[in-house]
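Before any comments, here is the structure.
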Amino acid sequence: MATSSDRIFSLDMVRGVAVMGIFSVNIIAFAMIEAAYFNPSAYGGWHGADLGLWATNMLVIDGKMRTLFSMLFGASTLLVIERAEAAGLSGPKVHIRRMLVLLGFGLVHYFLIWFGDILTLYAASGLIAFLFRKLPVQRLVALGAAFLVVGMLLFFGFMFTQYQADIAAHAPGASQAAIKEWNDGLGNFFPTAAEIARDKALHLGSWLDYVRHNIDHRREIIGQTLVFMPDTIGLMLLGMAGYKSGFLTGEWDDGSYRRVVRTAIPIGLAAGLATVAYDISSNFYMVGVFAAFVILAVPFITVMAFGYAALIILLSRRQGWLAQRIAAAGRCAFTNYLGTSLIASFVFYGWGFGLYGSLSRWQAWLLVPVVWTLMLTWSKPWLQHFHYGPLEWAWRSLARGKWQAMRRKQPLPLPA
């Protein structure tokens, strides 16, 4: 049986790996036109090292880290409620206030910094997932799986309409309306030179113009949130089940974790290889690419994420120096997540270094290990002197309605 501190360490360790992994794939969406994220042939290079980087990210990281992060959010929801109630506070009230404050952070992030915000989705999904917090493990697993299936069905409906739109747009004598419908959907993953030029002008222009553009396209964040909510709620419920069962808190024996690793990760890798092979062989046919990733691969990505969680927990047992650094990054995940957006937007956008659209995929990715090093460098020393990361403190203070104690009375001692 792990101690309480061990269990919290396990959660922080998994969260730290997840927040680092998320930036590894998000970097492309910062560095070049959005279409390049799923379609390497759209921009940024799709041969040699560029294709290898895309394939590696798709196989090892993409989807898996978001899945881990979502599950950890569900687990942390229960942990926060338990601690609030132990302190004599109302767990539901604390949670609802936390989600409303998180929603505010998410909207600021989306409109002022980066369109790829995930905090708004988490805030909305967290308000619903919270309603099922008292269910036993088995029912949480079943309901979580049901939400995943609902998300897959929604995407199936969308992909079917896109398949029909593709056929209609490329039929002899296609109408302008049919062509527009395709171009407004998955057809925009094959941007024209004019569209690429407009995209570069936007991101290399002034910050105020970028904000105005995001406000003009505010409906997109509503649509994105609604579409991804079933999947995200499902993952949060699975995370709650992982917390209650002791899986995510490190309470299982090492043999059980090893069995999960040996089974789950190979299954996920096999499915990932099939997805990558299809994407390349189809010349990135977007209907098939998205159908494979957001429908067919979902169960395998989820299974692989559990395998990753088991592996990370095993590696965290000794709490070595690197594990402590990663766990600290996980404790400051909110600050690190928003911090990566600030760093990447400054590096690539016009109000910073202005490198947007000028680097290939692998060149842009070189920023990733630099940012990882920053995460691992600052988080642990900060937490030796302060109770929370900077934005974690702001989130907690705003949600509680009063300033929280920030500085430790005595710095934590350095490990021997």
Under the Karplus curve 6.51 cos²θ - 1.76 cosθ + 1.60, θ = phi - 60°, whole-Hz ³J(HN,Hα) for the stretch 158-167, x wherever Gly or Pro sits: 5, 5, 5, 5, 5, 5, 5, 5, 4, 4
Karplus (6.51, -1.76, 1.60) ³J(HN,Hα), θ = phi - 60°, over the stretch 253-264, in Hz, Gly and Pro reported as x: 6, 4, x, 5, 5, 5, 5, 5, 4, 5, 8, 6
For the stretch 285-396, shape from the Cα gyration tensor axes a ≥ b ≥ c, cut at a/c of 1.5 then a/b versus b/c, turns out oblate
Using the basic label-point model (7 angstrom from Cα toward the beta carbon), what is the E82 to E195 distance in nanometres? 4.8
Per 0.36 nm of contour for each residue apart, how much would the distance between R400 and T161 grow if the chain were fully extended, relative to their Cα-Cα spacing? 81.5 nm
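Please give the net charge around A174, taking every other residue with its beta carbon less than 15 angstrom from that of A174, where Lys and Arg add +1 and Asp and Glu add -1. Don't skip to the end; give the middle numbers.
Details: positive: K180; negative: D166, E181, D184.
Combined, the nearby Lys, Arg, Asp and Glu give -2.
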Can you tell me how much longer the chain between L100 and S281 gets when fully stretched, taken as 0.36 nm per residue apart minus their C-alpha distance, in nm with one decimal? 60.7 nm
Mean residue ellipticity at 222 nm from the helices of the chain, using -39,500 (n - 2.57) per DSSP H segment of n ≥ 4 over the full residue count, to the nearest 500 deg cm²/dmol? -23500 deg cm²/dmol
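Taking only the alpha-carbon atoms of the stretch 62-119, what semi-axes of the equivalent ellipsoid follow from 5 times the gyration tensor eigenvalues under a square root, in whole Å, largest first? Walk me through the numbers on the way to the answer.
On the way: eigenvalues 126, 56, 6 Å².
Those come to 25, 17, 5 Å.
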Rounded to a whole number of µm²/s, how large is the Stokes-Einstein D of the stretch 225-329 at 37 °C and 0.692 mPa s, given Rh as the Kirkwood radius over C-alpha pairs? 211
Highest average packing first - 60-71, 317-328, Cβ atoms within 10 Å: 60-71, 317-328
Near the amide H of F386, under 5 Å away, which other amide H atoms are found, from residues 5 or more places off or on another chain, if H is placed in the peptide plane? R408
Through the Karplus equation 6.51 cos²θ - 1.76 cosθ + 1.60, θ set to phi - 60°, convert the phi angles of the stretch 304-315 into ³J(HN,Hα) values in whole Hz; use x for Gly and Pro. 5, 4, 5, x, 4, 4, 5, 5, 5, 5, 4, 6
Between T373 and D216, what is the label-point separation in nm under the 7 Å Cα-to-beta-carbon projection? 4.0
Evaluate E = 1/(1 + (r/R0)^6) for D254 and R408, where r is the Cβ-Cβ distance and R0 equals 30 Å; express this FRET efficiency to the nearest 0.05. 0.35
W395: net charge of surrounding residues, Cβ under 12 Å, Lys/Arg +1, Asp/Glu -1, itself excluded? +3
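What is the packing order of peptides 113-124, 215-226, taking the mean over residues of other C-beta atoms within 10 Å and listing the highest first?
Details: 113-124: 20.5, 215-226: 12.6.
Result, highest mean first: 113-124, 215-226.
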If you split all Cα-Cα distances of the chain into 10 Å bins from zero, what percentages do you get per bin, shortest first? 5, 20, 33, 27, 12, 3, 0, 0
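Any read-out appearing in this document is the output of simple, stated calculations on the displayed coordinates, not a laboratory observation. Predicted model only: the values in this text are computed from it and were never measured. So basically every Cβ, Gly included, is an ideal-geometry build from the backbone, and we count neighbours across all protein chains shown.
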